[in-house]
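The values are calculated or read from the model by the stated rules, or taken from the named source; none is laboratory data. Predicted model, so just to flag it, every value in this text is computed and none were measured. Virtual Cβ from ideal backbone geometry, glycine too; neighbours counted across all protein chains shown. SASA here: full protein model, heavy atoms, side chains in, ligands and nucleic acids out. Shrake-Rupley method; radii C 1.70, N 1.55, O 1.52, S 1.80 Å.
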Amino acid sequence: MTYCVGLCLQEGLVLLSDTRTNAGPDNIASFTKMNVVAPGDRVIAMMSAGNLAVTQAVVARVIDGLGLDPNEPFDTLMTVKSMYEAAQLIGNAVSRVYTSATSGPNAQNFMFDASIIVAGQIAGDKMKMFHIYAAGNFIEATVDTPFFQIGEAKYGKPILDRVARYDTPLDGAVKLALISMDSTLRSNFSVGLPADLLIYRRDSQEIAAYERIAEDDPYFKDIRTRWSEALREAYRDLPAPPWLS
């Protein structure tokens, strides 16, 4: 019930997440999947996919310190010194929530599913992006692999594989993220608008743009229309197969 994509590029970050959390025939629900802290010396954004109860518990721990022993020292995303520590903090929180969720009387019926993208920069540290798995381990985005996806990733992946590069400018990355989201929306009912878009410029320690994109957003509507027309035109321009001539 999710699609999130993050691009970690030479100029900065582009993060985009949908908000659909349920898509049953009688109940369609939305909930933000992007959580951001930006107190002045850092910008850290989390996008989550999976069991909503799990991801909400993780967010509560790493942002507000909820569920932790107040008598023991603990870090949050507001206090960690580096993005690597932020990834470790979230990974540890995922592991703790897993232990708690799978130790009760209904543990055997509980489906533990969580996948998180965390990206940002803390003053004095490098800008980084990590993909954190349900086991609590994680990998970092690199120059060779500058984007991560979580949730229903297959529909929006082809355009990213073909076009996304580390030196892609931020405006181009926004277009790629929106096209990737549009491809997913068209092919999977469990992903839905509105979507949350965050843009961050490297070394700025402030959010360059944060937008809530709804169905009637004029720029997104223009992107969807132009991309569909471009695909149809490219299809028509392809040569006919020679064995049918």
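Label positions at residue 79 and residue 210, each projected 7 Å from the Cα along the C-beta direction, are separated by 2.2 nm.
Let's see if you can work this out: charge +1 on each Lys and Arg Cβ, -1 on each Asp and Glu Cβ, no other charges. What is the dipole magnitude of the chain about its Cα centre, in debye to the nearest 20?
420
How many percent of the accessible area of the chain is carbon or sulfur, using a 1.4 Å probe? Its accessible area is 52 percent carbon and sulfur atoms.
Using alpha carbon coordinates only, what is the Rg to Rh ratio of the chain, with Rh defined as the Kirkwood radius?
Radius of gyration relative to Kirkwood radius: 1.02.
The helix-only estimate of mean residue ellipticity at 222 nm for the chain, built from DSSP H runs of length n ≥ 4 each weighted as -39500 (n - 2.57), is -9500 deg cm²/dmol after division by the residue total.
Mean sequence separation of contacting Cα pairs (under 8 Å, at least six apart), scaled by the length of segment 1-98, corresponds to a relative contact order of 18 percent.
Selection among 118, 158, 70 by position relative to the dipole of the chain gives 158 as farthest towards the positive end (Cβ unit charges, Cα centre). Based on C-alpha pairs under 8 angstrom that are at least 6 apart in sequence, the chain has a relative contact order of 27 percent. The alpha-carbon atoms of segment 100-245, seen along their principal axes, cover 66, 44, 34 angstrom, with the largest extent given first.
Taking only the Cα atoms of segment 1-73, how large is their convex hull per residue, in Å³?
Measuring per residue, one finds 115 Å³ for the Cα hull of segment 1-73.
Lys pairs in the chain, Cα-Cα under 20 Å, at least 8 apart or on separate chains: how many? Lysine pair count for the chain: 8. Here the simple spin-label model places points 7 Å from the Cα toward Cβ, and for residue 238 and residue 113 these points are separated by 3.2 nm.
Rounded to the nearest 0.05, what FRET efficiency is calculated for residue 137 and residue 22 with R0 set to 35 Å and r the Cβ-Cβ distance?
Working: r = 28 Å, r/R0 = 0.81.
That pair, residue 137 with residue 22, gives E of 0.80.
If packing is taken as the average number of other Cβ atoms within 10 Å across a peptide's residues, how do 193-203, 44-54, 226-236, 138-148 rank, most packed first?
Top of the packing list down: 44-54, 193-203, 138-148, 226-236.
The H on the amide N of residue 19, modeled in the peptide plane, is under 5 Å from the matching H of 192, each at least 5 residues off or on a different chain. In segment 42-163, one over the average inverse separation of all distinct C-alpha pairs is 15.3 Å, which is the Kirkwood hydrodynamic radius.
Placing unit charges on the Cβ atoms of the charged side chains and taking the dipole of the chain about its Cα centre, the candidate lying farthest along the positive direction among 34, 241, 184 is 241.
Length gained on full extension, residue 203 to residue 32, computed as 0.36 nm times the residue gap minus the Cα-Cα distance: 58.9 nm.
Based on the alpha-carbon gyration tensor of segment 108-172 and its eigenvalue square roots a ≥ b ≥ c, which shape applies: rounded if a/c is under 1.5, prolate if not and a/b is larger than b/c, or oblate? Oblate shape, in that a/c is at least 1.5 and b/c is the bigger or equal ratio.
Accessible area per residue for the chain, computed on protein heavy atoms with a 1.4 Å probe, is 52 Å².
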